[in-house]
Amino acid sequence: MEPPRDQGLLRSDSIPEVGEDAAATVSMAETLSEEERDELRKELAKVEEEIQTLSQVLAAKERHLAEIKRKLGINSLQELKQNITKSWQDVTSTTAYKRTSETLSQAGQKASAAFSSVGSVITKKFEDVRNSPTFKSFEEKVENLKSKVGGGKPAGGDFGEVLNSAANASATETIAEQTEEETH
């Protein structure tokens, strides 16, 4: 006597997977008796019918869900916002996100420190340039030019003042020349 075989979804015999050797599948079909084939056809019809029933039940449940949401005033946009918020919360709670966030924070701090040190280095370099003999000589030449152009004002002040006064003196001379040309 043959032991009883499991029926339906809980069958114990193997089903060929996609990509399995086609020859093995054909040989299995050839070794089946007519009675086994009829049994398999009946089971196939039964599984297809169960799938159809489950699809109909799922569609009915989805319609019921949509009606409940409509009664509660939940629209697609609100649902989308809720899904995005929940997804973002899920993402931010993962350890990968936390590690990445910490790493980026540390990188930001290091970059900030690097920029700060670069800024202080640049400031130091400007101070070194300003204190260099070449710059001092240039500054003296600008002051001499200023005293020649500006006349009665005493030489001195910082470099910015010297440049501003030299520019003002040049502009004043240009305006005076234009006025003289207009009067002649």
Would you check which residues across region 61-92 are open to solvent by less than 70 Å² (accessible area, probe 1.4 Å) and not hydrophobic (A, V, I, L, M, F, W, C) and list them? LYS69, GLY73, GLU79, SER87, THR92
Tell me, please, whether a residue that is in a helix (DSSP H, G or I), touching a helix residue (DSSP H, G or I) at 6+ places or on another chain (Cβ under 6 Å), free of Cβ contacts under 8 Å to residues at least 12 places away in the same chain and β-branched (Val, Ile, Thr) can be found in region 79-102. yes
Is there any pair with a first residue in region 40-58 that is assigned to a helix (DSSP H, G or I) and a second that is not charged (D, E, K, R) whose Cβ atoms are under 8 Å apart and which are 6 or more apart or on different chains, and what are they? LEU40/LEU32; GLU43/GLN7; GLU43/GLY8; LYS46/GLY8; VAL47/GLY8; VAL47/LEU9
Answer yes or no as to whether ILE122 is surrounded by 10 or more Cβ atoms within 10 Å (Cβ to Cβ), of a type outside the set (Phe, Trp, Tyr) and at pLDDT 85 or above. no
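The values are calculated or read from the model by the stated rules, or taken from the named source; none is laboratory data. Keep in mind it's a predicted model, so treat the numbers as computed, not measured. In this analysis, Cβ positions are derived from the backbone assuming ideal geometry, glycine residues included, and neighbour counts consider all displayed protein chains. In case anyone asks, the SASA skips ligands and DNA or RNA and just uses the protein heavy atoms, side chains included. Shrake-Rupley method; radii C 1.70, N 1.55, O 1.52, S 1.80 Å.
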